[in-house]
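The values are calculated or read from the model by the stated rules, or taken from the named source; none is laboratory data. On a predicted model such as this, the values are computed, not experimentally measured, just so you know. Neighbour counts are summed over all protein chains in view; Cβ atoms, including those assigned to glycine, are modelled from backbone coordinates with ideal geometry. Heavy atoms of the whole protein, side chains included, go into the accessibility calculation; ligands, DNA and RNA do not. Shrake-Rupley method; radii C 1.70, N 1.55, O 1.52, S 1.80 Å.
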Amino acid sequence: MQIDVFTLFPQWFEWFRTQRHVAKALGLGHELECVSYRDHTPLSAGQVDDAPFGGGAGMVLRVDVVDAALRARYRRDPAELRSERRIVALTPGGRLLDDALVGELAAEPALTLLCGRYEGFDERVVEHLCTDAISIGRYVISGGELAAMVACDAVLRRLPGTLGDEASAVEESFSPALEGRPEYPHYTRPAEYRGWRVPDVLLSGHHERIRAWRLEQARRRGEPGG
């Protein structure tokens, strides 16, 4: 997979690249590159934003700046590029990133993630240059960089060979193996501590009973108030 992240802070992703499964993915030939909006802005003094039409607080990331960065990277009209490549605007109002959407993204050969800043994107970026608008949750953070890391983390760990144990990605929260429910509780040694005992079924060695218990716990956690 080839992932490009467009951002005002490409240096932030140096730490992210060192994370174990990310580094492993890169070692397997997958790519994660960062493109700076400022390096390609058509405006003077590295300007990338402007005041919103209609008034209001904050600044808006300009459509011509995003267009220029995409054009410089891919050497073609970005409005045409989205017919060939998944281009994602990371924005609070987008489709919520869930397990199903992560699976979709992980199946793509290439992804482009656009990080917003300030008051977000000029809406024409989302309407005309992107295939998707995606949100990591119904809250606001200072920019799209952390959201991009969340999306990359979730996608890269789905790729074969990136995890120490491939089974780790099969039976985890919201996976089909757990019927899309949260993962069951985990316990480890000691089996009893301060009177708090591990459920007996987990100590029984009876794999079918353990599997049934875990699925039941996942179902309970998936219930409202669970």
Residue by residue through the stretch 87-94, the couplings from Karplus 6.51 cos²θ - 1.76 cosθ + 1.60 with θ = phi - 60°, in Hz, x for Gly and Pro, are 10, 10, 8, 8, 8, x, x, x
For the stretch 14-21, in residue order, the Karplus 3J(HN,Hα) values (coefficients 6.51, -1.76, 1.60; θ = phi - 60°; whole Hz; Gly and Pro = x) are 4, 4, 4, 5, 7, 5, 3, 6
Rounded to the nearest whole number, the per residue volume of the convex hull around the C-alpha atoms of the chain in Å³ is 174
Heads up, the stretch 73-170 by the C-alpha gyration tensor (a ≥ b ≥ c square roots of eigenvalues; a/c under 1.5 rounded, else a/b over b/c prolate, else oblate) looks oblate
Compactness summary of the stretch 94-226: radius of gyration and Dmax from Cα atoms, Å, are 19.4, 61
Highest mean packing first, using Cβ neighbours within 10 angstrom, the peptides 143-149, 5-11, 111-117 sort as 111-117, 143-149, 5-11
Given backbone amide H placed at 1.01 Å from N, residues whose amide H is under 5 Å from that of Arg86, ignoring those fewer than 5 places away on the same chain, are Ala110, Thr112
Packing-ranked peptide list from 84-93, 185-194, 61-70, 21-30, highest mean Cβ count within 10 angstrom first, is 61-70, 84-93, 21-30, 185-194
With the convex hull built on the alpha-carbon atoms of the stretch 29-113, volume per residue in Å³ sits at 137
Taking Cα atoms only, helix 145-156 is inclined relative to the longest principal axis of the chain by an angle, in degrees rounded to 10, of 50
So, with points 7 Å from each Cα along the Cβ direction, the Asp200-His128 label distance in nm works out to 6.9
Between Leu8 and residues 5 or more places away or on another chain, the pairs with built amide H atoms under 5 Å apart involve Tyr37
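Heavy-atom accessible area per residue, the chain, 1.4 Å probe: how many Å²?
Accessible surface, normalised per residue, equals 56 Å².
Over the chain, with every protein chain in place, what whole percent of the accessible area is carbon and sulfur at 1.4 Å, could you tell me?
51
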Whole-Å distance linking the alpha carbon centroid of the stretch 182-226 with that of the stretch 1-54 is 41
A correct Karplus calculation of ³J(HN,Hα) over the stretch 104-109, with 6.51 cos²θ - 1.76 cosθ + 1.60, θ = phi - 60°, whole Hz and x for Gly and Pro, returns 4, 5, 5, 7, 7, x
